[in-house]
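FYI, it's all coordinate maths here, none of it is from the lab. For clarity, every value in this text was computed on a predicted model and none was experimentally measured. Note that we place each Cβ from the backbone using ideal geometry, even for glycine, and neighbour counts take in every protein chain shown.
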Amino acid sequence: MTQTISKMTGQSEIHASMVEFVPEDSTSPGFATETINKVSAEPQTKTTDAVSNECKGQILATIPETTTVTGTKLTLTGVTLLLDALPLLQGGAIEKDEDGTSFKSYTPPINGQVSGAAFTTNVYEAVMEGSNVMYYHKVSYLHCKGTPISINAEDNTFFAPEYTVNSTPGKDEAPYKITKVESLPVYN
């Protein structure tokens, strides 16, 4: 019997066309941005060593090494500071002016306090053919929690914040899901 082998071309994709942070708790606000220009998704794994059954220098049987994916560490680099998203990403609170729309201040969580709600991170990637966007891939990472951001400043340089988000799927859940969508969502 002959095995069938298919030739693959692959797809040309531009990552981080848009990023959404969608809270699992529907009472918290979600956010979408087009100002994150770099996304790194690093699988978090746990490796169990191989075990051999040996007798007199001979290997009788071996249980191979196994690697289990326990989650994904997302590193998102932006070109703007997403102040309104900080309470979702790392906890804390935003204070607005009397009109309720203008930013007044942000206070991070108190030292030692674990904060920040669980959310889904959706990364949209443009699939290109020639110079045209054909459609998008939406990559969804479940049960995300943000970590405190680093604030580094340099004279005569725009601040490029880096957000670290850890996704930890539950039992019987995949580490991510890729869905084809025809267009980016539209937000005000």
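For the stretch 148-157, the count of residues that are touching a residue at least 40 places away in the same chain (Cβ under 8 Å), β-branched (Val, Ile, Thr) and surrounded by 15 or more Cβ atoms within 10 Å (Cβ to Cβ) is nonzero. Screening the stretch 4-33 for residues that are touching a residue at least 24 places away in the same chain (Cβ under 8 Å) and of a type in the set (A, V, I, L, M) and picking the one that is surrounded by the fewest Cβ atoms within 10 Å (Cβ to Cβ) gives Ile14.
Restricting Tyr141, Tyr124 to those that are more than 18 Å from Thr168 (Cα to Cα) and either of a type in the set (Ser, Thr, Tyr) or touching a Cys at 6+ places or on another chain (Cβ under 6 Å) (or both) reduces the list to Tyr124.
For the stretch 101-132, the set of residues classified as without any contact (Cβ under 8 Å) to a residue 12 or more places away in the chain and over 17 Å from Asp84 (Cα atoms) consists of Ile110, Asn111, Gly112, Gly130, Ser131, Asn132, listed by residue number. For the stretch 166-188, taking the residues that are under 29 Å from Met134 (Cα atoms) and in contact with a Ser or Thr (Cβ under 9 Å, 6 or more places away or on another chain), the one that is surrounded by the most Cβ atoms within 10 Å (Cβ to Cβ) is identified as Ser167. May I ask you to list the residues in the stretch 24-72 that are among the charged types (D, E, K, R), part of a loop (DSSP other than H, G, I, E, B) and over 17 Å from Tyr163 (Cα atoms)? Matches in the stretch 24-72: Glu24, Asp25, Asp49, Lys56, Glu65. Of all residues in the stretch 147-167, those satisfying the criterion of being assigned to a loop (DSSP other than H, G, I, E, B) and over 17 Å from Gly91 (Cβ atoms) are Asn152, Ala153, Glu154, Asp155, Asn156, Thr157, Phe158, Phe159, Ala160.
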